[in-house]
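The structure under discussion appears below in the form of structure tokens.
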Ligand code: HEM
């Protein structure tokens with residue numbers, strides 16, 4: 001029996017005209033938790049109606065389209081980026097170029113390792129200063145600066161010092177975008193609401209215009225001193241791809257490159273910032289929270305670092321294979337607090353089916369990664385933070401114990417920055433834990449494990465005390 005023959009309509013949440021299933025979704029819980037709860041009543045795959053859109057919630061398979069929404073259109077000049085751009089020949093070509101450029105500058109490249117290590121060291125010197133002054137620290141701006149600088153070096157071959165006004169402006173508009181875009185806000189569900197004044201939409205437009213000014217400036221500078229012979233960064237790689245597509249007369253490339261405009265290039269760089277900074281920073285913040293909650297996990301990582309890396313040098317990417325407990329801890333953080341618990345919505349590009357259910361072309365598909373990562377049938381005690389679940393029985397090798405583990409998504413739309421993000425998580429955490437033990441400041445309570453749902457699942461603000469480990473007290477490194 002094929003799945004098409006077996007197709008049937010999906011279990012569906014009750015819906016009213018105009019407002020659709022909105023009443024069933026009224027809940028004090030964030031959407032990923034609410035949707036997981038609804039599985040008990042409607043099964044693993046079910047549908048609901050939001051405004052005029054049919055939305056489908058499912059586990060697993062990915063579809064390559066993206067829905068257009070009011071807020072993401074404002075952010076991306078009507079989908080001229082990669083993350084929110086719909087599937088098309090231009091999009092495929094575009095993603096291929098960026099993937100190639102990221103491979104050259106991001107994955108496996110020695111220079112990006114150096115950039116990340118320099119940022120990790122500068123982060124450690126901030127921790128060292130705070131420790132010497134006996135201060136508890138909000139790590140959030142420091143982590144954001146470190147991760148932003150990695151992306152800046154990658155995209156523009158430049159970085160920021162603490163307190164740089166351009167960097168401060170960037171922090172401010174980024175937060176404005178995170179707070180207002182793609183949160184399933186009412187204008188995205190009911191686009192006609194745009195005719196009314198809307199504070200969130202105004203803020204978003206303001207932030208996007210500040211971002212665009214900065215992107216345009218960098219773009220113009222790169223165009224002015226572009227050379228075919230030197231490739232300094234991602235923007236140069238994009239400029240080169242655009243030029244060679246324009247100059248190439250072969251039918252295949254010129255047809256594919258149709259529409260690869262200046263807007264596409266600018267929005268792609270905007271995407272790399274949007275997708276690359278907030279996500280990685282948020283995972284680092286969650287990692288620190290779980291390390292504070294589980295001092296024994298910190299001790300295990302430090303013992304591993306001491307025995308495999310020692311005291312004379314900093315950890316490098318080539319140490320990854322010999323530090324399985326640290327790698328397992330990173331995997332567990334990505335499981336227990338997936339930064340994108342509902343991924344980015346997908347769209348079915350043609351009539352199809354999921355399991356026994358019919359799915360019509362144009363249906364939005366939301367994959368509940370939260371529920372995959374917290375499924376009791378797949379994970380023993382899913383609420384428990386246990387890096388050991390990613391280790392083999394003698395603790396020497398890494399495993400993925402369940403197919404229900406997709407922190408970077410899967411398929412055509414899998415995260416473009418997965419390799420880079422993993423390098424950053426490893427190098428930042430190994431450097432910090434080699435030198436410091438993290439704990440809750442005296443008089444503070446443990447940081448909350450509850451996330452705030454938005455474009456990413458963000459932890460609440462918290463402070464941390466970084467105590468230099470014995471042997472590292474007296475500034476054993478240079479401040480950068
Ligand atoms: C998409 C996770 C870091 C670039 C995604 C998706 C997830 C994800 C879950 C959506 C997949 C889907 O819709 O099915 C993460 C996590 C990160 C991270 C957990 C950090 C730990 C990065 C970095 C970059 C990046 C550093 C850039 C250098 C992108 C892009 C997309 C994406 C461009 C859109 C892909 C597409 O729609 O084709 N990421 N990401 N991400 N990510 Fe990441």
Rough spin-label spacing in nm, given labels placed 7 Å along Cα→Cβ, for residue 200 and residue 377: 3.4 nm
Give me the one-decimal nm value for the distance between modelled label points at residue 96 and residue 216, 7 Å along each residue's Cα-to-Cβ direction. 3.2 nm
In nm, spacing of pseudo-spin labels at residue 78 and residue 316 (7 Å Cα→C-beta vector): 5.0 nm
Provide 170, 267, 104 in ascending order of the number of other Cβ atoms located within 10 Å of each residue's Cβ, fewest first. 104, 170, 267
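Rank these for me by crowding, 379, 370, going from fewest to most other beta carbons within 10 Å.
Working: 379 20, 370 24.
Listed from fewest to most nearby Cβ atoms, that is 379, 370.
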Please quote Rg/Rh for the stretch 344-457 to two decimal places, taking the Kirkwood radius as Rh and restricting both calculations to Cα atoms. 1.03
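Rounded to two decimals, what is the ratio between the C-alpha radius of gyration of the stretch 316-381 and 2.2 N^0.38 Å?
Normalised Cα radius of gyration, the stretch 316-381: 1.59.
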Least to most buried among 94, 294, 29 (fewest other Cβ within 10 Å first): 29, 294, 94
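Seen from all sides and averaged, what is the projected area of the convex hull of the Cα atoms in the stretch 64-160, in nm²?
Hull-based average projected area comes out at 8.5 nm².
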Hey, how many Å between the Cα centroid of the stretch 332-380 and the Cα centroid of the stretch 276-310? 28 Å
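In whole Å, what three semi-axes, largest first, describe the equivalent ellipsoid of the stretch 137-177 built from its Cα gyration tensor (square root of 5 times each eigenvalue)? Before the final figure, lay out the partial values.
Values: eigenvalues 50, 31, 20 Å².
Over the Cα atoms of the stretch 137-177, the ellipsoid semi-axes are 16, 12, 10 Å.
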Two-decimal Rg to Rh for the stretch 357-398 - Kirkwood Rh, Cα set: 1.22
Given a Förster distance of 41 Å, report the FRET efficiency between residue 113 and residue 9 from their Cβ-Cβ distance, rounded to the nearest 0.05. 0.20
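Assuming R0 = 25 Å, what is the FRET efficiency of residue 166 and residue 445, from their Cβ-Cβ distance, to the nearest 0.05? Please report the intermediate quantities before stating the final value.
Details: r = 36 Å, r/R0 = 1.46.
FRET efficiency, residue 166 to residue 445: 0.10.
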Can you give me the orientation-averaged projected area of the convex hull built on the Cα atoms of the stretch 196-350, in nm²? 16.5 nm²
For the residue 463, residue 247 Cβ pair and Förster radius 60 Å, calculated FRET efficiency rounded to 0.05 is 0.65
Using distinct alpha-carbon pairs, which all enter the 1/r mean, Kirkwood radius of the stretch 371-431 in Å: 13.5 Å
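Every read-out reported here was derived from the displayed coordinates using simple, explicitly stated rules and does not represent laboratory data. Model, not experiment: these values are computed from the prediction. Cβ atoms come from the backbone with ideal geometry, glycine included; neighbour counts cover every protein chain shown.
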